[in-house]
Structures are given as structure tokens and as C-alpha cells.
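This report refers to the structure that appears directly beneath it.
Each value in this text was obtained by applying a stated rule to the coordinates, not by laboratory testing. Computed from a predicted model, the values in this text were never measured in an experiment. In this analysis, Cβ positions are derived from the backbone assuming ideal geometry, glycine residues included, and neighbour counts consider all displayed protein chains.
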Amino acid sequence: MKKRLLFGGLILSLPMLIGCQPVQTSTLNLYTDRHYEVDQQLFDAYEEATGITIQVLKMDADALITRLENEGDASPADLIFLTDAGRLGRAKSKGLFQPFDANLLPDNYPEKYTDTDKHWLALTKRARVLVYHPDRMDADSLSTYEALASQDLRIATRSSGHVYNQSLVASLALLLGEEATKSWLSGLIERFAIRDPLTQSRQPVGNDRDQAKAVFANQADVAMMNTYYMGRMLTSSDPLEVEVAETLSVFFPNQSTTGTHVNISGIGLSATTPKQEQAEDFIKFLLATSSQRIFADENFEYPILNDMEPHPLLQSWGPFVEQDIDFSAMSIMTETVYPWMIEAGWN
Ligand code: FE2
């Protein structure tokens, strides 16, 4: 341990010893499925501050997990950074992480956003909300995720194959139990608004942004989507996306019951990295207030630190009650509920 500390300290102090010129003393290999420019901005800032390059391998989450499994003990990965607790749970169940030192967590970090065995920790969070057109609908007609199954509303949501929906269903399964969740699912799919162009069956099409566009185009009344997409659409180069985001309103469901579903992006040390100390230093950098500010302001994600304000856009929607959920349990539950979704007819 002592040796590790010395090595980490030496790497960090080298740029200072040599002068202002950043020196590439080392690299950390980071595997990620995140697709946001803000991440590279932070990686570049870290390199500038320390001389350590963050070498990024960006892939779809399933491919990334398979690649890590195939690489096995020879994997050059030092860090794994994934969106959604479900994916983090999958990576953990395959033995891809090693525990991090819990002392790296700052005092203002809420422990509930870490894996119980400290295999991963959340860096940012997002809420899965309902969006609607305020000219066509009143917020009073919305209440809970559960109520959507029995309301006369056309619902737009992406496929069951996407982990965002699997995690939402997993969270409800933990709160409501299997029977109630299955019956909710069978009611919900009857309300799906979007029809498959070939079969005309009610099937989800597209990503979260497409669901909002369906509401805007009056093909649906309510869309389920992650909060950061509203911010990203408002700042999009596509004028339609800006108009959609400017027009639609956000509703936080389950405010007087179990709270709105919140999910995370999380990071952990790969099982194979010998550079624990350096990798943990990088995680500390991402948890610093300045980095959290960048995640919040550039990508409209909720900061993970409990004393930080979100972006003004998110503040304008007001504070909300989050689901009180065990993220580790939810991360494992996604694999259980996916067959329930398919069984109910949610393609
Ligand atoms: Fe996303």
C-alpha cells in the first residue's frame, strides 16, 4: 500500500517538478458506454492538471461488458464508467470490478449511491419523468407511474430492451412486488401510443427524444424520458428539438407516494487494474465540486453531492422526492424484470 501511495504521489507531482508544461507520465484506460461530450472535457482537464492521459474506449454497454469478459486477466482497462445501475450490476455480477477505497468519498457524498460492496459509485444522476404538452393536458391529470396503466392516455416510451426502462420496472418491482408489477405492465402496454409502421401494432419506436417528439406531434399524450434529454434538446442544433423541449412540460410522478425513479451513471476500478491509487485519484477528481459543476451545467445531470444545486433549468422544475431505493438491489433486478416486460408484450 505504501508503495502505491508513493507512486501515485510521484505521478501527480511530476508536472509541478518539471514546470508548467504538462508531462505525459502515465495513462489510465477507461472503458465507457457514455456518449456525452462533457466526459471528454473532464478527461482533458484531468490530463492538463496531472499529465495523466485518460485513454478512452467507448462502446455500447453490452459489447463493452463482453469485451471485458473476453479480455479477462489481460484486460488493460483501469476504470469502467457506465450509465444506469442495471449495467453496473451486470458488470459487477460478471466480476469485472474490484472494490475501491471508501475513504475516497467526500463527506457530502450520499452513501446510498454506492454499491454495497463498493464495486461502483455513482457520479451523476437523472430522473425518469413524464413529459406532456401543457396546452393539451393539465398536470393534475398525472399522478403516478402506476396510474398510467389505467388512465385514458396515449403513452410514448422506448423499447423494453433499453436498460432505462428495465431499471424503472426493476424499481417498481422492488416497491410493489412481482404480481402488482406484472399486472401494471399488462395495463401499461395497452396504452402505448406509437404504432409499428409495418405491423401497426402498438410498439415502442426510437429513443427518449423521439418519445418527446411524439407528444409534441400529438401522437401521444405522455412520454417517459430522462431529465437530461430536456436540457440537451434545448441546446440542440436541431431547431425541432429546441421547439419540442421549449413546448413540453416536465412532471415528476409519485410525489405523494414512492417518489420519482432516479438512475445513475457510475464508475469503478476494473478487476484487473494494478493502478488502484491513480484510478482512485481520478475518481476523486470527478467527485470534486468543480467536476460535478461541469457534469451538471454541460450535460444537465443532477450532481451527486448532496449540497450542490442542479442546473437552473432543472431547478426551474422544482425539487422533487426521489424513490427511496436500494440501488444495488435494483441493479440486479433489471435482469429479472426484462422477461416480465417481454411477456407482457412490451417489445
Ligand atoms: Fe441516455
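A few points about this structure:
- Helix 163-176 vs. the chain, principal-axis angle (Cα, 0 to 90°, nearest 10): 70 degrees
- Near Thr272, once Lys and Arg are set to +1 and Asp and Glu to -1 for all other residues with Cβ below 14 Å from its Cβ, the sum equals -1.
- Inter-label distance, nm, simple model (7 Å from Cα along the C-beta direction), Glu37/Arg67: 2.3 nm
- Backbone HN-Hα couplings from phi across the stretch 323-330 [Karplus 6.51/-1.76/1.60, Hz, Gly and Pro as x]: 3, 8, 10, 7, 4, 5, 5, 5
- Bridges between two residues of the chain, per DSSP, are antiparallel at a rate of about 65%.
- Highest average packing first - 80-92, 241-253, 54-66, Cβ atoms within 10 Å: 80-92, 241-253, 54-66
- Hz values of 3J(HN,Hα) by residue in the stretch 306-311 - Karplus curve (6.51, -1.76, 1.60), Gly and Pro given as x: 6, 10, 10, 7, x, 4
- Amide H to amide H, with H built 1.01 Å from N, Ala156 comes under 5 Å of Ala193, Asp221, Val222, Ala223, Met224, counting only residues 5 or more places away or on other chains.
- Amide H within-cut-off set for Asn254, under 5 Å, with H built and near neighbours excluded: Thr144, Tyr145
- Annotation: amide H-H contacts under 5 Å for Trp120 (H modelled 1.01 Å from N, sequence separation of 5 or more, or interchain): Asp115.
- Pairwise label distance in nanometres, Lys58 with Asp152, each label 7 Å out on the Cα-Cβ vector: 4.6 nm
- J(HN,Hα) series, the stretch 56-61, from Karplus relation 6.51 cos²θ - 1.76 cosθ + 1.60, nearest Hz, glycine and proline x: 9, 10, 9, 8, 4, 4
- Mean sequence separation of contacting Cα pairs (under 8 Å, at least six apart), scaled by the length of the chain, corresponds to a relative contact order of 27 percent.
- Put a plus charge on the Cβ of each Lys and Arg, a minus charge on the Cβ of each Asp and Glu, and nothing anywhere else: the dipole of the chain about its Cα centre is then about 500 debye.
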